[in-house]
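Reviewing the structure listed below.
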Amino acid sequence: MYISLDSRVTDSLSHSRRLVATLLAALLAVATLGIGPAAVWAQEGGSADEEEEIPEPEDLTLVTRDGVILGATYYGSLEGDEAVPVVCLHGLEGSRNEFSELALDLQEQGYAVLTVDLRGHGGSTEVQGSRVKLDPSRLTPQQIQLMVAQDLEAVNRFLWKKNNDKELNLNKLCLIGAETGAVVAANYAARDWSIRNYGALQQGRFVKGLVLLSPPLRTKGLDMIHPMQHPALTEQIAALLLFGELDRSARNDAEKIYRRMLDGKSQPKEPRERRVFASGIDTRLQGTKLLDSRLRTARYISVFIKLKLAEANGPQFQWKELKRPHQ
């Protein structure tokens, strides 16, 4: 199994067996530069004994406004208000544990990572004031929709506080979603970019990057069609699509999503200037199974986050103290 890369720069997908992989040599070279905190410290002349220790992962709970108690794990960063926050969202009947290895890898590179059990999954089956436990196999379409409206809103409140404590920069938020989690991520991104500022107070437009693992066009209660109609996803947000290309359905869905995100526009020839990247992987595996270390996908996710978020320095990426109206 390997990641297949095509060195040609093209926007035509119809004449290729694979979606063109636009993570070209210019991007791959970045992965060899050593972007973790240890490498940075060494460049500054510090010693290993003096290096500050990376925080241990912290298990915590987040409570949604409708009372669901969400299990989560926070992997803190040493980068302060320069840290890119990364939120990982699993698929149906999955759990946050599927992202543990990736989360540790990203944390070592200086990112602040939050893995979350969406309602009905893993450690998120209890509701305040109720003895009934949520079952992932029995979630209604309406409950899937509440993953966007309620679960990620609780995540936003948590990250909002971490931002104001200068532990991360919410204006560089990246969502990593697998299968149904990818649809939840895209729908939340569109929702986030629909929130208007309250005067001079920024209230939304925090999501700047999406990593979509085997994104389906439709899942129970949600689809990708509606968020793909939002200008943020066709003009503003950087995205990386990864999928197992030996599954025709997954490949076709990824191709359609890729095309919709480009919205008929040509991409720049310079890979570093591109907004949307897509890579078909020579496997039938999908979703979080694509994170298998033998597939090397974590490397490409790291490069994407570094180039499109960590190194981004426009005004829309700047850290700022956030305030609610009438606060």
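FYI, it's all coordinate maths here, none of it is from the lab. Just so we're clear, the structure is a prediction, and the values are computed from it rather than from any experiment. So basically every Cβ, Gly included, is an ideal-geometry build from the backbone, and we count neighbours across all protein chains shown.
Just to confirm a number: summing +1 for Lys and Arg and -1 for Asp and Glu over residues other than Leu92 whose beta-carbon lies under 15 angstrom from that of Leu92, what do you get? Each step should come with its number before you reach the end.
Numbers: positive: Arg96, Arg119, Arg138, Arg218, Lys220, Lys289; negative: Glu93, Glu98, Asp117, Asp135, Asp151, Glu179, Asp223.
Summing Lys and Arg as +1 and Asp and Glu as -1 gives -1.
The phi torsions of the range 165-170, fed into the Karplus equation with coefficients 6.51, -1.76 and 1.60 and a -60° offset, translate into couplings of 7, 6, 9, 6, 10, 5 Hz, rounded to whole numbers, with Gly and Pro shown as x. Looking at the range 25-312 only, what percent of DSSP beta bridges run antiparallel? Nearest 5 please. Percentage antiparallel, nearest 5: 35.
May I ask you to order 227-235, 167-175 by the average number of other C-beta atoms within 10 Å around their residues, highest value first? Mind dumping the intermediate values first?
On the way: 227-235: 17.4, 167-175: 25.2.
Ranking, from highest mean packing down: 167-175, 227-235.
The order of Asp59, Asp81, Asp192, going from fewest to most other C-beta atoms within 10 Å of their C-beta, is Asp59, Asp81, Asp192. Using a/c under 1.5 as the rounded threshold, could you call the range 25-312 rounded, prolate or oblate? The axes a ≥ b ≥ c are square roots of the C-alpha gyration tensor eigenvalues, and prolate needs a/b larger than b/c, oblate otherwise. Verdict is rounded for the range 25-312. As a length-normalised measure over Cα pairs under 8 Å and 6 or more apart, the relative contact order of the range 25-312 settles at 17 percent.
Relative contact order for the range 200-327: what is it in percent, counting Cα pairs under 8 Å that are at least 6 residues apart? Relative contact order, the range 200-327: 31 percent. Projecting the Cα atoms of Asn163, Cys174, Ala186 onto the dipole axis of the range 128-255, where Lys and Arg carry +1 and Asp and Glu carry -1 at the beta carbon, places Asn163 farthest toward the positive end.
From least to most packed, judged by other beta carbons within 10 angstrom and beginning with the fewest, Ser100, Ser266 follow the order Ser266, Ser100.
Looking at this model, which pairs from Lys265/Lys320; Lys220/Lys323; Lys220/Lys320; Lys172/Lys265 are more than 30 angstrom apart at the alpha-carbon? Display every interim value, and only then the final one.
Details: Lys265/Lys320 32 Å; Lys220/Lys323 35 Å; Lys220/Lys320 37 Å; Lys172/Lys265 24 Å.
With Cα atoms farther than 30 Å apart: Lys265/Lys320; Lys220/Lys323; Lys220/Lys320.
Of all beta bridges that DSSP places with both ends in the range 214-327, some 25 percent have antiparallel geometry.
Could you work out the local net charge near Pro268, counting Lys and Arg as +1, Asp and Glu as -1, over the other residues with Cβ closer than 9 Å to its Cβ? Please report the intermediate quantities before stating the final value.
Details: positive: Lys269, Arg272, Arg274, Arg275; negative: Glu270, Glu273.
With Lys, Arg at +1 and Asp, Glu at -1, the neighbours total +2.
Taking the beta-carbon count within 10 Å as an exposure proxy, list Asp253, Asp282, Asp165, Asp247 from fewest neighbours to most. Kindly include the intermediate steps, with their values, before the conclusion.
Values: Asp253 20, Asp282 14, Asp165 10, Asp247 17.
Exposure proxy ranking, most exposed first: Asp165, Asp282, Asp247, Asp253.
For Cα pairs less than 8 Å apart in space and 6+ apart in sequence, what is the mean separation divided by the residue count of the range 210-264, i.e. the relative contact order in percent? Write out the running numbers ahead of the final one.
Numbers: 60 pairs, mean separation 24.8, N = 55.
That works out to 45 percent.
Listed by chain and number, the aspartates and glutamates placed with their C-alpha closer than 19 angstrom to that of Lys269 are Asp6, Asp11, Glu235; residues fewer than eight positions away on the same chain are left out.
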